[in-house]
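Read through the structure below, which is laid out as structure tokens, and then see the notes.
The values are calculated or read from the model by the stated rules, or taken from the named source; none is laboratory data. Everything numeric in this text was worked out from a predicted model, so none of it was measured. Quick reminder, even Gly has a Cβ in these numbers, built from the backbone with ideal geometry, and neighbours come from all protein chains shown.
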Amino acid sequence: MPDVFRVFGVRHHGPGSARSLRAALEAYEPDAVLIEGPPDANSALPLAAQDEMKPPLALLVYVPDEPQRAVFYPFAAFSPEWVAIRHGLSRKIPVRFMDLPQIHCLGSEKPPANETQFNAPPLVGEPSPPNGQEAEIWQDPLGLLAQVAGFEDGERWWDHLVESRRDEKGAVFDAITDAMAVLREDQNPAGPRRDEARERQREAFMRKTIRAAIAEGHQRIAIVCGAWHAPALLDVEKKGSAAADNALLKGLPKVKTAVAWTPWSYDRLSFRSGYGAGVASPAYYDLLWKYEQHVAIHWLTRAARLIRKQDLDASSAHIIEAVRLAEALAALRGRPQPGLDELVEAALAVLCSGNEAPLQLIRRKLIIGDRLGSVPEDAPATPLQQNLLALQKRLRLPATADEQDYDLDLRKPLDLERSRLLHRLNLLNVRWGDQREERGKKGTFHEFWRLAWKPEFVIELIAAGRWGNTVEAAASAFAGDRALHADSLGTLVALLDDALLADLPDAVGSLLAAIQQHAALGGDVLQLMDALPPLARIGRYGNVRQTDVAIILSVVEGLLTRVCVGISAAAGSLDDDAARQMFARINGIHDSIGLLQNDAQRDQWLAALSKLADQSGLNALVAGRAVRLLHDAGFWQHEEVGRRLSLALSTGNDPAHAAGWIEGFLSGSGALLIHDEPIWSLVDNWLSDLGPDHFATVLPLLRRTFATFHAPERRQLGERVKSRSGGAPVGSAPSDEFDYERADAVLPLLAKILGVQYPSAGSAQ
Amino acid sequence: MKKDGTQAVLRRHAEEQFAEELAALAKQDDRQRPPNWKLSPWGVAHYILGGKLDRGIEITPKYIGNRRLVEIAIATLATDRALLLLGVPGTAKTWLSEHLAAAISGDSTLLVQGTAGTAEETIRYGWNYALLLAKGPSREALVPSPVMRAMQEGKIARVEELTRIPADVQDTLITILSEKTLPIPELDDEVQAVKGFNVIATANNRDRGVNELSSALRRRFNTVILPTPATADEEVSIVKTRVEALGRALELPGDAPPVEEIRRIVAIFRELRDGKTTDGKTKLKSPSGSMSTAEAISVVNSGLALAAHFGDGKLRAGDVASGLTGAIVKDPVQDAIVWKEYLETVVKEREGWSDLYRACRETL
């Protein structure tokens, strides 16, 4: 064993390894530390010395032009690598990474097809497994050895190992190296290792880095790497190995990379998530790292306090019993101390009364944990990230990993700014906040948000960095760019909605220009009709956000004019399906007109509608609706409407046409029929005059209309049918010459249509 | 197993039936035993879960299922906390508690059966009124309850169906479990529990709320919820083992039941219990009963008896049909619909099940 360096094979993210490593480093007193990690990040290492750097953190190595191609190297407080970095920096000795640089790894990789997927190693320096579930021996060789030794958790086994070899500091690392050497010999060279060539290159580069450090004259070099690599690094000084290594490293592809520190979360460290580091229980490891002794007591006390917060019984007596049970379980299973399994089982039997539900909470908070790291504000980051950090601070919106609910009152300046920030971030695809509907509180000035920060947002932020250096500028430029490439008016209007919520005047300007242009060139009246209602809504309610609505109203005006001009052409010769869509669109525009409360616009619209109603060849559904809307608006009087009704329903017309017309006319409101006497009698007469064949044709169509009425309306209609002779005076029908016999003949059928019981006798008199 | 003086007994206590296994375990078990325990916790776990000992002695598994649950139960008793076994009917709560008591104390007979009429005397002590009148209150006139005897002898007492006992009577257990004493105010005396005393209670969590435990009492128990068997194979092996053991005890003539028949019955039970077919493609109604493994065992058993006495000794579809219908149809209206639907939609279509379909149709 050469004296100039010493290899410490560790378990990635293992608190046991970290503790032993700390003691070993203090005893060894190295004059340089080499760590398995990307040398690209060497420049970022000194930052780790700052106290504001709070793990969990990750080193992000990415290709500046394509931030989606990135690799994260996560560090927790209990990661041996982190311990080694801090040890070296605090003693002001050189600290370096020695793994194969990412300029080569990312360089040789093909850009991922899917934007959101990128290569993130599950463990520091250990490339991701081919399949999330199958852990190969090289991933966690120590965990495997622990399992063979009867321990379920590698950490407990490590502690056990260390405890049994207390005499010599660091001796455990030599034992580990020996064990790994044996394991590596057993490993079939053509076996399940996934990328043999890349592995050899990595180890060659590590050896190269070590040689360089020796050449610099360092006398005591501490080398920290995954246990698996430890034996391979010992033969640095073997003859000819340097030349072989250099040959291996020749001609590797290259790409430019950049590095940043970014806050990470325990959730991301856990196996549950896609970018995980394979640590199943970060919060538990954290506790193991913090407390060397009495872990069971600390953990179960936390569990009890957590459960107590949920208003479940969990007294100190419970904790005592749970600790006793955990210890008894460990003894039963022949383990020196309770591990996580025993703790969870004790919590289940004692604290949760066998009920699995509270256990979910414990799992989330005490096994996985919701801790989020932080980096100092002056840490190198893209200007956009720094801007966001400053905004978060100023607006008192801390980025937390667990979900926080905010009820923003947009009348308050602070809340308004918060809302703007969240909307802008959403526009940039940084979905930090999720806006949700909440019942109970009404009013357009309330916004409800649920915020949960995810560390991978940093990628989106870096990606968004090319759009601008502040959140506002980036969102604005991004929206403007999307406006240029939008292909339909609908997309533009949706984008405009977002831009207005995000209060981006520049973007709104370019979006409105784009909309005007689209409206002028497109000439598709249907698109215009779809775009108008949302714009009208914004114009009406935009005031709460203090956005300048005048500019929108002018666009609305332009749109409306085009709609009024084009509607008669657009509504002509429609088939039934298209007519139904047109029917909905006309309703939408009519509602918008009501919202806008502009008399000139209203007159313009009603005039267009009246022209539409007169149009020949118009689909009956649309025609009926137009007449109805004009009736509601008071544009036409009763007499005029009655005339048109009787015209449309006259026997000369095709029954299907008449039924379509009446559907358009009556759809959605039976109230008119109940209370408007002339219309009632018109409908009644039309129906009574139908021949048997015609009646059979229109029956299903009528049924369709009447079925949409509310049940009480239908009942009232039925009652009117029943009492029609003795009821309200029948206006236009000459009552004195009424033919009761003929009327009686149709009444049972009418009652059937209306879905009411028709008593067979008595009432017809 | 030899038949000696106890041969006339219909069902022998666990500690008698498995006396040889217990003795063999006790001989080999050199681990530390809690005071007054016949075996170490390891030995108890081995007795319950089965396995091979040195010198080729085979311990039959008594409980087939989650090893962890059994370990929690044993560890609980080792910490002198009381154990509450919860589960739907037929999940081997009583079975497990009997065997735990047999292995730990060598005595599973200290039993209080909980009913709505269970009185305080059943848990504390009663009086021999003739003696009481003749001599006045004295220890001789006292009639100890099983719990009191367990305290005096340092054994495990069992309380069955704890939630059926009225709440005020339940609470008598609080002093016993927390202070480990049973005061006798009439004599100004008390009984203090000897080391090794503990209580295993069972309760049904399907009809919960009968007499919900007070939180003071609940706090004295560690709770273990016994699930229905996790996989079909596990359940088949439970049914098979139990049916064979019961068949032996009842001295039924005829062959052992074919595994395929058991597999079929277990499949029916599991599908009706889960409310969907094994392949997860068809949704089913669940009957009102709990469709437990214990009932599956009794269906096979009664089928065996039918086959042995009225058939040719081979278990056939016709022999299990009436038992199946009886086990499933607990509510004559609702469950009959469920069972009929299941027969028509699942059993009828399934390959090789036509004999069962015909046989079951006849019983309806």
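Restricting region A:367-379 to residues that are part of a loop (DSSP other than H, G, I, E, B) and within 28 Å of the chain's Cα centre (by Cα) leaves a set whose member that is farthest from the other protein chains (Cβ to nearest Cβ) is A:GLU377. Restricting attention to region A:330-339, does a residue exist that is part of a helix (DSSP H, G or I), out of contact with any Gly (no Cβ under 8 Å at 6 or more places or on another chain) and within 14 Å of another protein chain (Cβ to nearest Cβ)? Yes, region A:330-339 contains a residue that is part of a helix (DSSP H, G or I), out of contact with any Gly (no Cβ under 8 Å at 6 or more places or on another chain) and within 14 Å of another protein chain (Cβ to nearest Cβ). Suppose the filter is at pLDDT below 85 and of a type in the set (A, V, I, L, M); does A:ALA247 pass it? Criteria met by A:ALA247. Taken over region B:188-208, the criterion of being surrounded by 14 or more Cβ atoms within 10 Å (Cβ to Cβ) and over 23 Å from B:PRO89 (Cα atoms) is satisfied by B:VAL191, B:ALA193, B:VAL194, B:GLY196, B:PHE197, B:ASN198. Given the structure, is A:VAL350 in a helix (DSSP H, G or I), within 24 Å of B:ILE225 (Cβ to Cβ), in contact with a strand residue (DSSP E or B) (Cβ under 7 Å, 6 or more places away or on another chain) and within 14 Å of chain B (Cβ to nearest Cβ)? It is true that A:VAL350 is in a helix (DSSP H, G or I), within 24 Å of B:ILE225 (Cβ to Cβ), in contact with a strand residue (DSSP E or B) (Cβ under 7 Å, 6 or more places away or on another chain) and within 14 Å of chain B (Cβ to nearest Cβ).
Of all residues in region B:209-250, those satisfying the criterion of being surrounded by fewer than 19 Cβ atoms within 10 Å (Cβ to Cβ) and aliphatic (A, V, I, L, M) are B:VAL210, B:ALA216, B:ALA230, B:ALA232, B:ALA245, B:LEU246, B:ALA249, B:LEU250. Tell me which residues, restricted to region A:478-496, are within 15 Å of A:LEU559 (Cβ to Cβ) and not small (Gly, Ala, Ser). Those that are within 15 Å of A:LEU559 (Cβ to Cβ) and not small (Gly, Ala, Ser): A:LEU489, A:LEU492, A:VAL493, A:LEU496.
Among the residues in region A:291-304, are any away from chain B (no Cβ under 13 Å) and among the hydroxyl-bearing types (Ser, Thr, Tyr)? The answer is yes, given that some residue of region A:291-304 is away from chain B (no Cβ under 13 Å) and among the hydroxyl-bearing types (Ser, Thr, Tyr). Only one entry of A:ALA314, A:ALA222, A:ALA280, A:ALA260 meets the criterion of being outside any helix (DSSP H, G or I), among the small types (Gly, Ala, Ser) and within 14 Å of chain B (Cβ to nearest Cβ), and that entry is A:ALA314.
Yes or no, residue by residue, for (1) in a helix (DSSP H, G or I); (2) among the small types (Gly, Ala, Ser); (3) more than 23 Å from A:GLN716 (Cα to Cα):
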{"residue": "A:ALA600", "(1), (2), (3)": "yes, yes, yes"}
{"residue": "A:ALA607", "(1), (2), (3)": "yes, yes, yes"}
{"residue": "A:LEU612", "(1), (2), (3)": "yes, no, yes"}
{"residue": "A:SER616", "(1), (2), (3)": "no, yes, yes"}
{"residue": "A:GLY634", "(1), (2), (3)": "no, yes, yes"}
{"residue": "A:GLY642", "(1), (2), (3)": "yes, yes, no"}
{"residue": "A:ALA658", "(1), (2), (3)": "yes, yes, yes"}
{"residue": "A:TRP661", "(1), (2), (3)": "yes, no, no"}
{"residue": "A:LEU687", "(1), (2), (3)": "yes, no, no"}
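When we screen A:GLU327, A:GLU345, A:GLU356 for residues that are at the interface with another protein chain (Cβ under 10 Å from one of its Cβ atoms) and within 29 Å of the chain's Cα centre (by Cα), the only hit is A:GLU356. For region B:24-58, residues that are β-branched (Val, Ile, Thr) and in contact with a Lys or Arg (Cβ under 7 Å, 6 or more places away or on another chain) total 1. In this structure, A:TRP449 does satisfy being outside any helix (DSSP H, G or I) and in contact with a Gly (Cβ under 6 Å, 6 or more places away or on another chain). Filtering region B:79-112 to residues that are in a loop (DSSP other than H, G, I, E, B) and either over 22 Å from A:GLY354 (Cβ atoms) or within 14 Å of another protein chain (Cβ to nearest Cβ) (or both) leaves B:THR79, B:ASP80, B:ARG81, B:VAL88, B:THR91, B:GLY106, B:ASP107, B:SER108, B:THR109, B:LEU110. Among the candidates B:THR115, B:THR76, the residue that is within 14 Å of another protein chain (Cβ to nearest Cβ), among the hydroxyl-bearing types (Ser, Thr, Tyr) and either touching a helix residue (DSSP H, G or I) at 6+ places or on another chain (Cβ under 6 Å) or closer than 26 Å to A:VAL323 by Cα (or both) is uniquely B:THR76.
Residues are listed down the side, and each one gets a yes or a no for (1) in contact (Cβ under 8 Å) with a residue 24 or more places away in the chain; (2) of a type in the set (S, T, N, Q):
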site	(1), (2)
B:LEU272	yes, no
B:THR293	yes, yes
B:SER302	no, yes
B:ASP319	no, no
B:TRP353	yes, no
B:ARG361	no, no
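Please work out if B:PHE310 is among the aromatic types (Phe, Trp, Tyr) and over 22 Å from B:TRP95 (Cα atoms). When the stated conditions are applied, B:PHE310 passes them. Report yes if B:PHE221 is over 22 Å from B:GLY326 (Cβ atoms), within 14 Å of chain A (Cβ to nearest Cβ) and among the hydrophobic types (A, V, I, L, M, F, W, C), otherwise no. Taking the combined requirement at face value, the residue satisfies it. Contact map, region A:542-567: first residue modelled with pLDDT of 80 or more, second residue of a type in the set (Phe, Trp, Tyr), Cβ cut-off under 9 Å, separation 6 or more or different chains; pairs are A:LEU560/A:TRP605; A:VAL563/A:TRP605; A:CYS564/A:TRP605. Screening region B:63-94 for residues that are of a type outside the set (Val, Ile, Thr) and free of Cβ contacts under 8 Å to residues at least 40 places away in the same chain and picking the one that is surrounded by the fewest Cβ atoms within 10 Å (Cβ to Cβ) gives B:ARG67.
Look at (1) closer than 25 Å to B:SER292 by Cβ; (2) modelled with pLDDT of 90 or more; (3) touching a strand residue (DSSP E or B) at 6+ places or on another chain (Cβ under 8 Å); (4) surrounded by fewer than 21 Cβ atoms within 10 Å (Cβ to Cβ) and you find that B:ASN128 fails only one, number (1). Out of all the residues in region B:4-14, is one or more under 28 Å from B:PRO227 (Cα atoms), modelled with pLDDT under 90, part of a helix (DSSP H, G or I) and away from every other protein chain (no Cβ under 12 Å)? For region B:4-14, residues under 28 Å from B:PRO227 (Cα atoms), modelled with pLDDT under 90, part of a helix (DSSP H, G or I) and away from every other protein chain (no Cβ under 12 Å): present. Of the candidates B:PRO257, B:PRO253, the single residue that is assigned to a loop (DSSP other than H, G, I, E, B), at pLDDT below 80, buried (at least 19 other Cβ atoms within 10 Å of the Cβ) and more than 11 Å from every other protein chain (Cβ to nearest Cβ) is B:PRO257. Considering region B:44-62, and only residues there that are within 14 Å of another protein chain (Cβ to nearest Cβ) and without any contact (Cβ under 8 Å) to a residue 40 or more places away in the chain, the residue that is farthest from B:GLN32 (Cα to Cα) turns out to be B:LEU49.
Take A:ARG364 and tell me if it is more than 12 Å from chain B (Cβ to nearest Cβ), among the charged types (D, E, K, R) and either buried (at least 16 other Cβ atoms within 10 Å of the Cβ) or touching a residue at least 40 places away in the same chain (Cβ under 8 Å) (or both). Considered against the rule, which asks whether it is more than 12 Å from chain B (Cβ to nearest Cβ), among the charged types (D, E, K, R) and either buried (at least 16 other Cβ atoms within 10 Å of the Cβ) or touching a residue at least 40 places away in the same chain (Cβ under 8 Å) (or both), A:ARG364 comes out as yes. In summary, helices (runs of 4 or more DSSP H) completely within region B:272-364 and bearing 3 or more residues that are closer than 16 Å to B:ILE262 by Cα and polar (S, T, N, Q) occur at B:293-310.
Taken together, the residues in region B:330-345 that are without any contact (Cβ under 8 Å) to a residue 12 or more places away in the chain and more than 12 Å from B:LEU284 (Cβ to Cβ) amount to 2.
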